[in-house]
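These notes are about the structure you will find just below.
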Amino acid sequence: MSRHCYDNLTSSQLQAVRHKEGPLLVIAGPGSGKTRVITYRIAALIDSGVNPRNICAITFTNKAAEEMRQRTFSLVPNSGTHISTFHSLCVRILRRYHEQAGIRANFSIYSESEQTTCIKNAIKECELETGNFPPARTREAISTLKNKLIDSESYKEQAEDFFTKALAKIYSRYQHLLQVNNSLDFDDLLMKTALLLEKDSDIRKELSNRFRFLLIDEYQDTNHAQYCIAKNLVCEHNNICVTGDPDQSIYRWRGADIRNILAFEKDWPDAVVIKLEENFRSTPNILSLADRLIAVNQNRKPKTLIPTKKNGSDVSIICFDDHNVESQGIAEKIIELSKSGISLRNIAVFYRINSASRPLEEAFIKNKIPYQIVRGVEFYNRKEIRDILAYLKILVNPQDEVACLRIINTPARGIGKSSTERILAYAARKKISFFEALKKSADVSELSNSSKIKIKVFVEMLESFTAAANGPVAPLVERVFVDSGLEASLKKGGDNDAIENINELINSAAVYDGQSQEPSLLDYLQQIALFSDADSYDTAQDKVALMTLHAAKGLEFDNIFIIGLEDGLLPHERSSDNDDELEEERRLFFVGITRARQFLQISYAKYRIFRGQLMRTVPSQFLYEIGVDFGKLQKSETAEDDYCDDIEEPYRIEAQFTSNQLVRHKKFGLGRVKQFLEMGDNSTITIRFDDGRIKTLMLKYANLEVIDT
DNA sequence: CATAGCCGCCTTTTT
DNA sequence: GGCGGCTATG
C-alpha cells in the first residue's frame, strides 16, 4: 500500500493511520503518539491517492501546525494540504466568503486589549457603570456566549433579570461597535464561520467537498462553535478523524466542551473508536504518579497508562524555604544536570501563573543559565508594537477607530483630547467614520486653524503610506516607523529596548515576505493577530524552557521541574469553589507530569510572594493525592534540619460518618451527609448543603465540624 | 496641549 | 506590585 515505512508504529496506531473512510475517534493518553497518528494518516491518505488539497488538519496552536507541516512534508509531498488552527482556517473562510458572512474582507482582528477598549465604550454608551460591569469580566461573559453561538439578538430574548438584560444591551452595543470598526474579535472568527456554514448550504457543501478529509488534534479542547464548524465541514462525507484525551482537557474556561469528545460516538454513530493506552514517553515511576493523581477525578472514564519504558530515577518532591530558595535550588540542579552531559534544551520548568517566572529568571541570570520564556510578557502586547501595528491597521482598514485613536497623537503631534473629541462628535453627527471625519476636518468649525493644519499633515502622512502599501510588508513597516516619527520619539526617550522590539517586528515581517507567495499587509496583519508568543518558542536553541502548564500542552522534555505546588496556586484559588474546576486543575497538573520523559522534580515553597507580600503557604492537596509522605519528604540542601517540621498536616477526622448526619463546612455552611466512602486516607464524603449544592469532598481537607443532633 | 506623578483597581490559564 | 486613568502643573 505504501512507499513509507510504518514499521515504527504499533498495530493500534497503524489501524488508525490506515483507516479509510468515515468517522474515526482516537482516544489516546499522553505520550501515546496521537499527533503522530494524524501526521502519518495524512501521509497514508496521500499515498492512497487522495489529493493533498482535499485534506484539512486542525491543530491547537500555530506552533503545532508548523511542526505538523514540516513532519508531513518529510513523509510525503503535500502541497495544498491545509494545516492550521481553527482560527486561521476561519480567517481564510471569512475572507473568501465575506459577502455571504455580511462582513468586509479587510476586517481587523481585535486582540484582548482592543476588545476590552471596545467593551468599555459599549458600557459607557449604554449608560452603565464600569463599576457594576468590570470590562474584563464583561468581555469574558460575552466571549462565553459567542463560544456557545448565542448571538446578541437571541441573548436579548432570553434575558430576564436586570443583570442579564444589561449584559444583553452591552453585548449588542459591542457587536455594533465592532461592525462599525469593521472588526472581528477572536470569538467572532469562530462564531461567524459557524453561523455562515449553518445557514448557507452552498458554501457548506463547497467546503465539505474541498476538504474531503478533516483531521482534528486535541479534540477534547474544542468549544461548541468549533464543534459546529467541524460538523458542517464534514456534512458531505463524514470523513472526520479526531484525536484527544479527556484527561487532558484544560481549556474549559475558554469554552472548551469536554462533551464534544465524550459524545463523539453519539454524533457519529458509525464511528470507529481506537484507544491508544500505551505510553512511549515516560518512565513507569512518572506514569504511576500521574495515574494516582488523575484517578482522584470523579468525572472521568477510568483508563490506565501502560508504560513501555524501563524504570528510571524516582520522582523527587522537594520542599523549599521560599520562592527564591526554590529558584536557586532548581538553578543548581540544572547546572548539575548540565554537567552530567544533558543539554539545556532538554530541560523545562512549568508553573501555574506567568508571574511565577520572575524569581526563576533572576536565579537563572545569576547562575548564567541560558533560558527562554515561552510566552512571558507578550511581544505583541508591548506598547511600541501595538502602536506601530495600529498605523498598519489603519492603512488596511480605515474604519478601525480604535487603531486610529491610538495613534492620532502617538507620538505627540499636538492633536489633543479636545480636538479628537470635536472630530468624534462631528463623525457621529455626519454618520461617517472617524477617519472620514479627519479627512474633512477643514469643515469642522469647532476646530482651531492650527489643529486643522496638524490634522491635515497627519492625514496626508497616512495617505502617503497607503499609496505605498502594496507588496512586501517589511519595507513598509520600516517606512512607517521612521516617517510616523515613532522612531525619533523612541530615540529621544532613549528607549532602546523598544527600538529593538520594532526591529524584531520588521525582521519577522521580512520572514513573512520571504515565505509568502503574494505578501500583503492585510494578510500579514490577520496572521499575526492569531500569533501568540508560544509560537515563537525556538526548540533549536540550547536554552532551558520556562512556561505555564497550559503552554506545556503537546510538548515533552527529558527533564522537567514543576514548581509552586501550593494551595491557591495549584489548584488556583479561583478554581476552589467548584468541583469541576478543581478537576480541571488536577488535569492541568496531570498534563504537566506527563510531559516528562525521564526526570521529574515537583516542588513547593513554604513562603511565597503573593500580591506583593510574603505569605505562608499550605502544600497543595495534589501532593497528598499522589501519596507524598511528608515525614520522609526530601528537603532542599539549603534547608535547616528542622526544615519541614511545621508542615501543616491536613485536618483529620477519626469519626465515621453516617448518612444524613448534620455537619458544618467552613465555606459551604450546614449540610447533611449523603454518602461516606471509607478509603482510609483517601476517604471522600458527599454532602448536600442547605443551599441545595451537592459536593463531594476529600474528607481530610473538608475540615468538617460534626453537629450533634 | 504635554507631562509627571499619584491614586485606585485588578491580579489564571490563551486562540 | 503593576498598570491605566485622572489630575495638577508647566
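Which pairs turn up if I take residues in the stretch A:123-151 that are at positive phi and touching a residue at least 24 places away in the same chain (Cβ under 8 Å) and look for partners that are within 13 Å of DNA strand C (Cβ to nearest atom) and part of a helix (DSSP H, G or I) with beta carbon separation below 6 Å, at least 6 apart in sequence or on another chain?
The qualifying pairs do not exist here.
When the residues of the stretch A:606-637 are narrowed to those that are small (Gly, Ala, Ser) and either out of contact with any Gly (no Cβ under 8 Å at 6 or more places or on another chain) or within 16 Å of DNA strand C (Cβ to nearest atom) (or both), which ends up modelled with the highest pLDDT?
Only one residue tops the list, namely A:SER620.
Take the residues in the stretch A:86-99 that are of a type outside the set (A, V, I, L, M, F, W, C) and more than 10 Å from DNA strand B (Cβ to nearest atom), then tell me which one is farthest from the chain's Cα centre (by Cα).
So, considering only residues that are of a type outside the set (A, V, I, L, M, F, W, C) and more than 10 Å from DNA strand B (Cβ to nearest atom), the one farthest from the chain's Cα centre (by Cα) is A:GLU99.
Filter the stretch A:235-266 down to the residues that are free of Cβ contacts under 8 Å to residues at least 60 places away in the same chain, over 30 Å from A:SER575 (Cα atoms) and in contact with a helix residue (DSSP H, G or I) (Cβ under 8 Å, 6 or more places away or on another chain), then identify the one that is nearest to DNA strand C (Cβ to nearest atom).
A:CYS235
Which residue is nearest to DNA strand C (Cβ to nearest atom), if the candidates are limited to the stretch A:522-554 and must be touching a Lys or Arg at 6+ places or on another chain (Cβ under 9 Å) and in a helix (DSSP H, G or I)?
Per the stated criteria, the residue is A:ASP533.
Hey, does the stretch A:174-182 have a residue that's within 16 Å of DNA strand B (Cβ to nearest atom), crowded, with 23+ Cβ neighbours inside 10 Å, over 30 Å from A:THR548 (Cα atoms) and modelled with pLDDT under 95?
Yes.
Any idea which residue in the stretch A:128-167 is surrounded by the most Cβ atoms within 10 Å (Cβ to Cβ), counting only those that are outside any helix (DSSP H, G or I) and within 15 Å of DNA strand C (Cβ to nearest atom)?
A:PHE133
Looking only at residues in the stretch A:290-324 that are among the polar types (S, T, N, Q) and within 19 Å of A:GLU278 (Cβ to Cβ), which one is surrounded by the most Cβ atoms within 10 Å (Cβ to Cβ)?
A:THR308
Table: residues versus (1) modelled with pLDDT of 95 or more; (2) over 30 Å from A:LYS266 (Cβ atoms); (3) touching a Ser or Thr at 6+ places or on another chain (Cβ under 6 Å); (4) surrounded by fewer than 23 Cβ atoms within 10 Å (Cβ to Cβ).
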{"residue": "A:HIS4", "(1), (2), (3), (4)": "no, yes, no, yes"}
{"residue": "A:ARG18", "(1), (2), (3), (4)": "no, no, no, yes"}
{"residue": "A:ILE58", "(1), (2), (3), (4)": "yes, no, no, no"}
{"residue": "A:PHE73", "(1), (2), (3), (4)": "no, yes, no, yes"}
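Hey, can you tell me all the residues within the stretch A:50-101 that are touching a helix residue (DSSP H, G or I) at 6+ places or on another chain (Cβ under 8 Å) and part of a loop (DSSP other than H, G, I, E, B)?
A:PHE60, A:THR61, A:VAL76, A:PRO77, A:ASN78, A:SER79, A:GLY80, A:THR81, A:TYR97
Considering only the stretch A:286-309, state which residues are without any contact (Cβ under 8 Å) to a residue 24 or more places away in the chain, of a type outside the set (Gly, Ala, Ser) and assigned to a loop (DSSP other than H, G, I, E, B).
Residue satisfying the conditions is A:PRO302 alone.
Give the stretch A:555-590 a look and list any residue that's part of a helix (DSSP H, G or I) and in contact (Cβ under 8 Å) with a residue 12 or more places away in the chain, or say none.
A:ASP579, A:ASP580, A:GLU581, A:GLU583, A:GLU584, A:GLU585, A:ARG586, A:ARG587, A:LEU588, A:PHE589, A:PHE590
Would you check which residues across the stretch A:100-140 are within 12 Å of DNA strand B (Cβ to nearest atom) and among the small types (Gly, Ala, Ser) and list them?
A:SER111, A:SER113, A:GLY131, A:ALA136
Listed here are the residues, each with its yes/no results for (1) more than 16 Å from DNA strand C (Cβ to nearest atom); (2) polar (S, T, N, Q).
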residue	(1), (2)
A:PHE379	no, no
A:GLU384	no, no
A:ILE394	yes, no
A:ASN397	yes, yes
A:VAL402	no, no
A:LEU405	no, no
A:ALA428	yes, no
A:SER445	yes, yes
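Which condition number in (1) assigned to a strand (DSSP E or B); (2) touching a helix residue (DSSP H, G or I) at 6+ places or on another chain (Cβ under 8 Å) is the one that A:GLY312 fails?
(1)
The values are calculated or read from the model by the stated rules, or taken from the named source; none is laboratory data. This is a predicted model, so every value here is computed, not measured. FYI the Cβ positions are ideal-geometry reconstructions off the backbone, even for glycines, and counts take in every protein chain you see.
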